[in-house]
1. Which residue is farthest from Arg582 (Cα to Cα), if the candidates are limited to segment 631-669 and must be in a loop (DSSP other than H, G, I, E, B) and open to solvent by less than 10 Å² (accessible area, probe 1.4 Å)?
2. For segment 77-100, give me the residue count where each residue is touching a residue at least 40 places away in the same chain (Cβ under 8 Å) and either among the hydrophobic types (A, V, I, L, M, F, W, C) or open to solvent by less than 50 Å² (accessible area, probe 1.4 Å) (or both).
3. Inside segment 473-503, can you point out the residues that are closer than 18 Å to Ile554 by Cβ and either at pLDDT 70 or above or open to solvent by less than 30 Å² (accessible area, probe 1.4 Å) (or both)?
4. For the structure I just gave you, tell me whether Arg257 is farther than 29 Å from Val324 by Cα and open to solvent by 20 Å² or more (accessible area, probe 1.4 Å).
5. Can you name the residue in segment 260-275 that is part of a strand (DSSP E or B) and open to solvent by less than 50 Å² (accessible area, probe 1.4 Å) and is also nearest to Ser147 (Cα to Cα) among such residues?
6. If you check Arg332 against the conditions, is it touching a strand residue (DSSP E or B) at 6+ places or on another chain (Cβ under 8 Å), closer than 17 Å to Gly291 by Cβ, in a strand (DSSP E or B) and open to solvent by 60 Å² or more (accessible area, probe 1.4 Å)?
7. Gln130 passes all but one of (1) in a strand (DSSP E or B); (2) modelled with pLDDT under 85; (3) open to solvent by 10 Å² or more (accessible area, probe 1.4 Å); which number fails?
8. For segment 288-311, indicate whether the set of residues that are of a type in the set (Lys, Arg) and either surrounded by fewer than 19 Cβ atoms within 10 Å (Cβ to Cβ) or without any contact (Cβ under 8 Å) to a residue 24 or more places away in the chain (or both) is non-empty.
Amino acid sequence: MTPIRRPPPAPRRARARRPFRWLRRLLLVLGLVFVAGLVVLLAAYNFGQVEDVVDSDAATPAADDNTVRRGRQIDFEQTTGGETIFRVRADESIETADDVSHLLDVVVDLFGENDRMYTITSDKARIDQQASAASFEGNVVVSGWKSLRLLTRNLDLAGGGAQMISPGTVELHWTLPDGTALVGRASRMRIDRDEDFVALTGGVHIRSEPGAETPIRLDCERLTYRRSDNLLRATDDVDLRWGGQELRTHALTVFLREDGETLRLLRARWDVRGMLRQFDDAGAETTVAFGGQLLEVEPNEDNPEYRKTTLDGAGEEAVFLDLVQPDGAARRLEGAKLEARSLAERLVQVEGFGNPLQLVEYLAMDDRPWMLRRACSDRGTASFQPDGTIGQLFLEGQVELRDEQVTVSGGDRALIDTITNRLDIEGQPAALYAERGELIAPKIRYGRGSGILRAWEGVEATLPARSAAALGEAPFADGDGPVRVVSREAVWTQTPESFSFDGDVRAWRGTNLLLASQLRGDTGQDRMAASGDVKTVWLPEARNDVRPVERIEITAGLLTYDRGGGLLTYENDVLVEQGERRIRCDELRVTVSDGGSARRMACLGDVELDDPIEAQNVRGDQAIYEVAERRIEIAGEEVVLVDGAGNKLTGAFLDYDLESGRTRMRSRVPDDALVPPGGPVEAPAQGSAAPPETRSAPSDPVS
């Protein structure tokens, strides 16, 4: 504000008259000039008439014998060192014999540092020189701010004029930078001139005027404004609402920039609760509710529409951020601290820290929320879609997740993409638990919508009986408990329900084992296939009347299992080993009993049996092994038996008892020969040479 210039001096009047003695008293009361060791000289300038006799229409109080002096059109200015200290203007003044001065239609300008000025206007003013007190009555208006005016019926000056106090109702008129007009009321007011400080107390209620584009409402018990610090503070039961937004707290502080209008920082403390409403381009609404112990909102200096918001629990409680869509789908972020970034009142990103930080997805039901998914970690970052929903959530540090289908524990990092409904987790091996089994791996990807789960870089899986049904009754999976699998990679699908393990696959249950490059299973169809250097190891069912059986090891290029048909098929360079005995063939079919034991094994195509124990080698077209009876029947167009001495026998059928080592060669296939899966063995062609029946040792009886 431009300083008011001192008017030119008027002709000097006689000192004896002192027509404005009360102004010197007012100067002292207001406490605006304190110069140590100097005598304050006041210059009075009379722009009206000064009389000793009061007219009949004099101002209050009415003229009587107590009236000493009266003046009209008062305009007085006090300066010190070339600086204006205060200025008083009034239409009329009366000074009484008891040193009380009365002014009518008063305007008082009080000047402070940095060209700051308060202006007080009122219908009446009363200055008591003996009590060093002053008061204003009637329509009292206090102004001096760019856009704030305070109205009251009574205003008292105290503290040597440093304080202005209104003991009654105060009316507030405030215009915001965007032009929104606010009106309000308070029970009491105090203004500290030296501190440049305003306090409204006793219940403060502020509202925007009707028709405002964005309705605003503020209720609190105390509202203060310190102009020197550009600081506005509301305390005790603060309830702030603007548009569809709400904020409730015990203390709200607004820090303004140097212009006194632009927001620099908003801070709310203790029991902070609030709600925001966001709308996407189509008008769909997302409700954002939040709570904590400390809230800070800091606009970017270059772009005020870009804001950083911090929500802190101050070590007392977890803070939360709830996002609820119209259809009831909701997500909650909860932790020790949340830092949000928004643009044009839309959330863009939220970074969270906590013990732990949690994301909870739920359906907002009337009776209680229905939990859909919960994820937690030490910290995380959420990015938001234009409609206010979370697009992606990145988690770090001891990640855990639980939803209706899976539970994940462990891992250093995780990415939840709510758009594609996908979870990626990696770091230290994470464990995933689902109805179809448990899976541990350094990297896991789970599609919640598709039901596809992928793990890689070293997988350990545990398949319960239901998920392992595709191989649960295969001989190599026979036994009690779940089937365990390790591999480099794994893929599980929900529809159809299946699994796939790739790279150095090892599956086992108890002491039974399968090795392969790849293992695939279809739980719905109860089928399984293994390929690439397949090897299975299992222990056949033992009979009480024989010696302990030896393990059976089978290697092949391909393995398939049809649980429904009870058939296990090995193909491509099949090798069957039991103890020191070996059988080679092109294809091996194993008939499996209901209990999962291998009942019959049929080796087809270029069969060769090598028995170092009995020093015998047999070749044929097919061999059928009765596992429990430890008996092999070998048939073909030409079955050749060579013993350790080099003796050679040929025929069409060989019966080999592995328990006793005895063999019987026949010229044709007997009618009671074992039938392999796929049909009976064809007889040799007519006219072919057929050697007589033989036995391996002349001393043994022919059976």
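1. Gly661
2. 12
3. If the condition is that a residue be closer than 18 Å to Ile554 by Cβ and either at pLDDT 70 or above or open to solvent by less than 30 Å² (accessible area, probe 1.4 Å) (or both), then Ala474, Pro475, Phe476, Ala477, Val483 are the ones that fit.
4. So Arg257 fits the description; yes.
5. If we take residues in segment 260-275 being part of a strand (DSSP E or B) and open to solvent by less than 50 Å² (accessible area, probe 1.4 Å), then Leu263 is nearest to Ser147 (Cα to Cα).
6. yes
7. Condition not satisfied by Gln130: (1).
8. The answer is yes; a qualifying residue exists.
The values are calculated or read from the model by the stated rules, or taken from the named source; none is laboratory data. Quick caveat: nothing in here was measured; it's all calculated off a predicted structure. Heads up, the Cβs are rebuilt from the backbone with ideal geometry, glycines too, and the neighbour counts pull from every protein chain shown. In case anyone asks, the SASA skips ligands and DNA or RNA and just uses the protein heavy atoms, side chains included. Shrake-Rupley method; radii C 1.70, N 1.55, O 1.52, S 1.80 Å.
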